[in-house]
């Protein structure tokens, strides 16, 4: 019976160690969750190795530091990261968890968002692909679901010429989820007016991250939104040396000034030359993840910095600058919780 006792003792030791690890997480996580005067966010990553999670933690620390948030803490437990700062900063922390993939793309075309005019039910709230998972929807499956209306969509030349009655014929597109919309060609995403900005915003968070593909994305207009067909990215996040938030004396609003690396500066100048086109003054979309931050018309070749302007307050500008300075996260997180305890 002695060997059996040894096995039982060893098994008991494993259980104790496991419980101790759980207790440590509950203690540290609980302490951070309930510490008064702090905002805490818990993120979960699935399917990534330790080194990738560690790299993401370093990016997160850089973002918190650049944003000027007080007493930042970034701790991990296996594939979970607990982030906390002093004060009430829920929106800022949630923004820090976004991938932060920056792309500068020539705008090939633009049209007003008409997705809400279709009359169909809105896309469900859970259409965003789960972070860290490979969600694949075959294009042919989506085309089969749409039926004859997809063939009709292929014949659209200019969405701005369609009447409201003609728009109604493409109502089935308004019922696609964000993941299903992602499976469609960029040209269809752009030309079909009933694919609205709400659906495009609900695509997987890395839906337009590939710099070698044309993509479709919308701005965050407060009155009316604009949908853009955007060319391959000529300038990307790794071309940025630093980003600084500041007040624009001419408008009184906040802007983010982007300073490039040597190679990045050359690419940015080349992109503005292409957009200017001897007086063409085409727009360049500055895209962060799935959204167009701004799309200024380029009225001259720019040999200096880029300026991102918009409806920024001080906090939003500093948060954006911190994202751009730190670079993009090397993985996608799911947000487990975020809250402030007075």
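Check 24, 48 and return the single one that is at pLDDT below 95, more than 18 Å from residue 339 (Cβ to Cβ) and in a loop (DSSP other than H, G, I, E, B).
Working: 24 fails: in a loop (DSSP other than H, G, I, E, B).
Step by step, each of 24, 48 is checked, and only 48 is at pLDDT below 95, more than 18 Å from residue 339 (Cβ to Cβ) and in a loop (DSSP other than H, G, I, E, B).
Could you go through region 313-328 and let me know if any residue there is at pLDDT 95 or above, in contact with a strand residue (DSSP E or B) (Cβ under 8 Å, 6 or more places away or on another chain) and in a loop (DSSP other than H, G, I, E, B). Looking through region 313-328, none of the residues is at pLDDT 95 or above, in contact with a strand residue (DSSP E or B) (Cβ under 8 Å, 6 or more places away or on another chain) and in a loop (DSSP other than H, G, I, E, B). Just checking, does region 4-21 include any residue being part of a helix (DSSP H, G or I), modelled with pLDDT under 95 and buried (at least 18 other Cβ atoms within 10 Å of the Cβ)? There is no residue in region 4-21 that is part of a helix (DSSP H, G or I), modelled with pLDDT under 95 and buried (at least 18 other Cβ atoms within 10 Å of the Cβ). Please go through region 273-292 and give me each residue that is out of contact with any strand residue (DSSP E or B) (no Cβ under 7 Å at 6 or more places or on another chain) and exposed (fewer than 15 other Cβ atoms within 10 Å of the Cβ), ordered by number. If the condition is that a residue be out of contact with any strand residue (DSSP E or B) (no Cβ under 7 Å at 6 or more places or on another chain) and exposed (fewer than 15 other Cβ atoms within 10 Å of the Cβ), then 277, 278, 279, 280 are the ones that fit.
Could we say that residue 270 is touching a strand residue (DSSP E or B) at 6+ places or on another chain (Cβ under 9 Å) and not in a strand (DSSP E or B) here? Against the criterion (touching a strand residue (DSSP E or B) at 6+ places or on another chain (Cβ under 9 Å) and not in a strand (DSSP E or B)), residue 270 qualifies. Looking at (1) within 27 Å of residue 72 (Cα to Cα); (2) modelled with pLDDT under 95, which one does residue 225 not meet, given that it meets all the others? Unmet condition: (1). For residue 149, the stated conditions do not hold, so it cannot be described as closer than 22 Å to residue 329 by Cβ, surrounded by fewer than 19 Cβ atoms within 10 Å (Cβ to Cβ) and either modelled with pLDDT of 55 or more or not assigned by TED's automatic domain parsing to the domain that holds residue 199 (or both).
If the condition is being more than 19 Å from residue 42 (Cβ to Cβ) and within 13 Å of the chain's Cα centre (by Cα), then region 317-329 contributes 320, 323, 324, 327, 328.
The values are calculated or read from the model by the stated rules, or taken from the named source; none is laboratory data. These numbers come from a predicted model, not from an experiment. Glycine gets a Cβ as well: all are built from the backbone with ideal geometry, and neighbour counts include every protein chain shown.
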